[in-house]
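Take a look at the structure below.
The values are calculated or read from the model by the stated rules, or taken from the named source; none is laboratory data. Note that the structure is a prediction, hence the values are computed from the model and not measured. Virtual Cβ from ideal backbone geometry, glycine too; neighbours counted across all protein chains shown. Just the protein is used for accessible areas: all its heavy atoms, side chains included, with ligands, DNA and RNA removed. Shrake-Rupley method; radii C 1.70, N 1.55, O 1.52, S 1.80 Å.
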Amino acid sequence: MQGYQRGIEAYETIFVSKLIDVTANFNDIENKIPATDFAGTLFNFLYPYFKGNNIDYRKYDELTKYASIKIKEIDSMLER
């Protein structure tokens, strides 16, 4: 089950990674990207760019909420 949790977290990180790739095409961020694999930290890095350019990031919020729910479900199964 823990492998499933890591898989969910990995896909969230991959998603944000793709957002960084696209953002890098429009903004010089290459040398500023934080050295982490935590999706939350990476998104917080992108957030000012999204906010400043009026970019809708609701899909990321939806993904994060969904991932959180699924991880909690797995946690509850592991506790049994």
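Values for this structure:
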| quantity | calculated |
| --- | --- |
| Listed residue (ALA35, ASN54, SER76) projecting farthest to the positive dipole end of the chain, Cβ model | SER76 |
| Mean-position separation - Cα centroids, the range 12-35 and the range 36-71, in angstrom | 12 Å |
| Expected-Rg normalisation [2.2 N^0.38 Å, Cα atoms] applied to the chain | 1.24 |
| Angle between the chain longest axis and helix 2-24 axis [Cα atoms, degrees, rounded to 10] | 10 degrees |
| Using alpha-carbon coordinates, inclination of helix 39-52 to the longest axis of the chain, degrees | 40 degrees |
| Separation of the GLU30 and LYS18 label points, Cα + 7 Å toward Cβ, nm | 2.3 nm |
| Highest-MSF residue in the chain out of PHE38, PHE26, PHE15 [GNM, Cα springs under 10 Å] | PHE26 |
| Value of [θ]222 nm, deg cm²/dmol, for the chain, DSSP H segments ≥ 4, -39500 (n - 2.57) each, nearest 500 | -25500 deg cm²/dmol |
| Heavy-atom accessible surface of the chain: percent carbon and sulfur, 1.4 Å | 53 percent |
